[in-house]
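Worksheet for the structure shown next.
The values are calculated or read from the model by the stated rules, or taken from the named source; none is laboratory data. Please read all numbers here as calculations on a predicted model, not as lab measurements. Note that each Cβ is placed from the backbone with ideal geometry, even for glycine, and that neighbours are counted across all protein chains shown. Please note that ligands, DNA and RNA were not included when accessible areas were found on the heavy atoms of the full protein model with its side chains. Shrake-Rupley method; radii C 1.70, N 1.55, O 1.52, S 1.80 Å.
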Amino acid sequence: MNEIKRNNADLLLISMILGVVLGVLFGYLFGESMVAIKIFGDLFIKALKAIIVPLIMASIIVGVTSLGNVKKLGKIGGITFTYYAITTCVAVTIGIIVSNIFSPGTGVDITGAAMPEKLQGDHEFNFLALVNMLIPTNLIQSMSSNKEILSVIVCSIVFGAVLTTLDEKGKPVIDFFIGLNAAMMKIVKIIMIYAPFGIFALVASITGEKGVDEILKIWKFIVTVLVGLSIHAFIILPAIFLFIRKKNLFQYARNMGSAFMTAFSTDSSAATLPITMECIEKKNNVSPQTSSFVLPIGATVNMDGTALYEACAVMFIAQAYGIATSFNEQIIVFVTATLASVGAAAIPHAGLVTVVICLSALDLPVEGVGLVWAVDWFLDRCRTTVNVWGDSVGAGVVDTMVSHETDSDREQ
Ligand code: ASP
């Protein structure tokens, strides 16, 4: 039975990888005509988005009510936020270091750089606004907007914690959410059957529409970002995983394959969340209590790839405009990029909006963002995949640490 399951999972992953590879190939060969099939990719994204809110709510409520002791939530929370903070800071540092080494912006032609229409508007970063987002004015509105996920998470945690104090009265409500959670996970499985087609359509249409010309123009910047992302994804995160979780890293990463392919094709960690949860819980055996807490919050606030990218983009633009950044200014890049990545939404191009925020904080020309806009369709996909990998490693690491702590509590 397990053998059959394994084979099916492998088959699905291979079809998803084929979806990406053939997508790039068809997009390259047939160009803009591939935009016609975008609708099949949009259906995939819509299906994922449609279940995010009920899935997050049900899984968090089930996770919190099954903890046994609400104090455990504090422990998971503490370890999770420490992990997020450390990995985000490391990612930004890597971004700054590789940009200093490669200096990709030096000599780049800045004539005609303009703020892309899509990014126009007021983008002021305000940490208090982020705190304000924790509590909704109207929960139903937050649920339906699909944008205020943070407040939905907070409400679900509180709701779950309160249910545990109601004894018999809370039981039917908990049972309802257990059923809802199981149903949502089943729907994820059904969506995954369609995923290879959706992935193919998304990748083929975007590659066909954009082509590779723009990529070649600022290839040095692309290489810098890719080197930075690779150091984080292949060295830093694996080192943390091996040091704490001490399990087969290759197998763990392979089990996340479907989530990576989905992240790459949808360029949204929020849309990928249902698949990330399925892979983490069903294939990597991370407890639902941990994953239901670490993954939804991680998708919204823990974005290592985005943080690293922001640092690279800001340094690139400063270099292109011939503005030297002193050590102190690089510290400001570090702080703003770290905070802005927390505030970035888990949707396509959100990281570019936060680049504008960092540029204004440093008094750098915001229209410089126009230099990187043309290639964001590609780099966004790469950083989103790293964002999802960061959350996945986080779920494994936190799960191991929480169970160790609980064991040592019991021994005392
Ligand atoms: N697209 C990214 C994500 O959803 C955010 C970004 O633009 O960096 O994780």
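Quick notes on this one:
- Subset of region 226-249 [in a helix (DSSP H, G or I), free of Cβ contacts under 8 Å to residues at least 12 places away in the same chain and under 13 Å from Asn284 (Cβ atoms)]: Leu249
- Helices (runs of 4 or more DSSP H) within region 313-412 that include 3 or more residues within 10 Å of the ligand (Cβ to nearest atom) and touching a residue at least 24 places away in the same chain (Cβ under 8 Å): 350-361, 376-411
- Residue within region 230-247 that is under 19 Å from Ala85 (Cα atoms), out of contact with any Leu (no Cβ under 8 Å at 6 or more places or on another chain) and among the basic types (Lys, Arg) present: yes
- Restricting Ala361, Ala311, Ala340 to those that are at pLDDT 95 or above, closer than 21 Å to Ile97 by Cβ and small (Gly, Ala, Ser) reduces the list to Ala311.
- The set of residues in region 194-222 being open to solvent by 60 Å² or more (accessible area, probe 1.4 Å) and either touching a residue at least 40 places away in the same chain (Cβ under 8 Å) or in contact with a Ser or Thr (Cβ under 7 Å, 6 or more places away or on another chain) (or both) consists of Tyr194, Phe197, Glu209, Lys210, Glu214, Lys217, Lys220.
- Of the helices (runs of 4 or more DSSP H) entirely within region 2-112, those holding at least 2 residues that are within 22 Å of the chain's Cα centre (by Cα), β-branched (Val, Ile, Thr) and under 23 Å from Asn181 (Cα atoms) occupy 38-65, 71-102.
- Test: residue in region 93-104 that is in contact with a Lys or Arg (Cβ under 8 Å, 6 or more places away or on another chain) and open to solvent by less than 50 Å² (accessible area, probe 1.4 Å): yes
- Looking across region 345-376, the residues that are under 15 Å from the mean Cα position of the chain (by Cα) and more than 13 Å from Leu308 (Cα to Cα) come down to Ala345, Ala346, Ile347, Pro348, His349, Ala350.
- Residue in region 47-66 that is farther than 30 Å from Gly198 by Cα and without any contact (Cβ under 8 Å) to a residue 40 or more places away in the chain present: no
- In region 345-393, the residue that is farthest from Tyr83 (Cα to Cα) out of those that are buried (at least 24 other Cβ atoms within 10 Å of the Cβ) and of a type in the set (Gly, Ala, Ser) is Gly368.
- Cross-chain or 6+ apart pairs with Cβ under 9 Å, region 250-267 first and touching a residue at least 40 places away in the same chain (Cβ under 8 Å), then within 12 Å of the ligand (Cβ to nearest atom) and of a type in the set (Phe, Trp, Tyr): Ala253/Trp389; Met256/Trp389; Ala259/Trp389; Phe260/Trp389; Ala263/Trp389; Asp267/Trp377
- Scanning region 223-248 for residues that are charged (D, E, K, R) and open to solvent by 60 Å² or more (accessible area, probe 1.4 Å) yields a total of 2.
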